[in-house]
Amino acid sequence: MTRMATALDRVVSLIVGVVLVVVGVGALTWHTGLIHGLPQVITAPALVDAVDTPWWRWAVAGAGLVCVAVALRWLVAHRPMGKATPIRLHEAGDVGTITIDPAAVATAAADTLQRHPAVRTVKGKAIADRGTRTIELTVTAAHPDELGAVITAIDDACEHIAHAAGDAPLSVRAIVHIKGGRELTRQRLR
Amino acid sequence: MSSRADPAPGVLPPPGRQPSAVPAAAPAGAFLALVLLGVGVVALRDTAVALQWLHGTPWIDAVIDRIDGMSFAWWVIPAGVTALAVGAVLVISAVRPPRKTALAVKAKSSVWISPWELAGVSTFAANSVPGVFDASTAATRRKLAVSARVADAKTVDAKTAEIDAAVRSAIQFLADPPKITVHIAGDRTS
């Protein structure tokens, strides 16, 4: 999801939520007399008149098309994190443009880490995390006692990524797992 | 002078963001998008009816006709309760911050571990204490609750301290270790 989609979800949820709360409170207190000025009968004369006008059908059609288009775009915005797009480095005066493929950097970093004896498996991917191009390394340590060595290996891999990416805006995040994971919680040692 | 293949020591890429769960507003937003899609489809269906491409009566016109002149009825109360409940859920999901899903690891780069992986490390450490068996850990980002059994009931206090020390040592790679509690479930009866 993009930051824009998250912000849209929050704003619309808040507006619709507040409206529903107000409508709910109004409905529950309608017949109690707690709130003065509530009408005994709901009327909508403007809407009733509009239904009989010649433009009403076209207004409904236009609103329907807009609703469907906006809803589909909104739903598409909820897809999981997208891939990081290539970074193009070009400054004024440069004779050419250098393009960095974050996915290739992620794969190379994962391959490097995979060779470390304390590392069981590594997955590297390049994602767009909340608007930031990020290399995410998912590293599984072979054993809990090897975590220190794995963390050092990750730091070394990050230095290599910084060297490869230079000044490019490319963040790196590593998530550590341990072989066996939750099974360790049931493991019985002698 | 360093060669192209040797990264500059200590130079790291920008740290990636802390892993977090999907914001609570995301499912609410997807739900509202589906509602909007439904409204749009109904509007287009009414247009098709008005153009005599479909048989039937326009639903939107019928709803407006129903609302105009509506007075209090018994079903307003359950409808009000439903609107209030859905509205409250939407407002809460809109303002709720995304749940963080990992703990920071003490490293030069951005390294994270999930609480349940940490539970595995904790359990492994607890089970490694001589005379302790059947250890398990319930973990959150703020608390590790270790439960275990001991071979000799007379050693409960000593083993509690040993488990605490073992777990504390095992998770010292964390930047901000969670609180540890140890509970001895009971003595071995066989």
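All of the numbers you see were taken from the coordinates with simple rules; none came from a lab. The shown structure was predicted, so the numbers you read here are calculated from the model rather than taken from an experiment. Glycine also receives a Cβ, built like all others from the backbone with ideal geometry; neighbour counts cover every protein chain displayed.
Things worth noting here:
- Pairs of Lys residues in the range B:37-178 that lie 8 or more places apart, or on two chains, and have C-alpha atoms under 29 angstrom apart add up to 7.
- Here the spin labels are modelled as points 7 Å beyond Cα on the Cα-Cβ line, and at residue A:76 and residue A:101 they lie 2.5 nm apart.
- Among residues other than residue A:141 with Cβ under 13 Å from its Cβ, the summed charge is -1 (Lys and Arg +1, Asp and Glu -1).
- Shape of the protein assembly as shown, Cα gyration tensor, a/c cut at 1.5: oblate
- Gyration tensor (alpha-carbon) shape descriptor, the range A:83-189, a/c threshold 1.5: prolate
- Euclidean distance of C-alpha centroids, the range A:1-32 and the range B:102-135, integer Å: 42 Å
- On full extension, the segment bounded by residue B:156 and residue B:133 gains 7.0 nm, given 0.36 nm per residue less the C-alpha separation.
- Residues of type lysines that residue A:179 reaches as a straight line, Cα spacing below 16 Å, ignoring anything fewer than 8 places off in the same chain: A:123
- Using a Förster distance of 30 Å, the FRET efficiency for residue B:88-residue B:53 (Cβ separation, nearest 0.05): 0.15
- Candidates A:174, A:157, A:63: whichever shows maximal mean-square fluctuation once chain A is modelled as a Gaussian network with Cα springs under 10 Å: A:63
- Inter-label distance for residue B:18 and residue A:85, nm, one decimal - labels placed 7 Å from Cα along Cα-to-Cβ: 2.9 nm
- Spin-label pair residue B:169/residue B:62, simplified geometry with 7 Å Cα→Cβ offset, distance in nm: 7.5 nm
- Mean per-residue shielding of peptide A:62-69 is 6, counting Cβ atoms of other chains within 10 Å of each Cβ.
- Where only DSSP H runs of four or more residues are counted, the protein assembly as shown gives -15000 deg cm²/dmol as its mean residue ellipticity at 222 nm, each run worth -39500 (n - 2.57).
- Measuring between their Cα centroids, the range A:76-135 and the range B:157-177 lie 37 Å from each other.
- In degrees, nearest ten, helix B:25-50 long axis to first principal axis of chain B (Cα): 20 degrees
- Listed residues B:172, B:18, B:52, most fluctuating in chain B (Gaussian network, C-alpha, under 10 Å): B:52
- Springs between Cα atoms under 10 Å define the GNM used for chain A, and in it the highest mean-square fluctuation of A:102, A:117, A:54 occurs at A:54.
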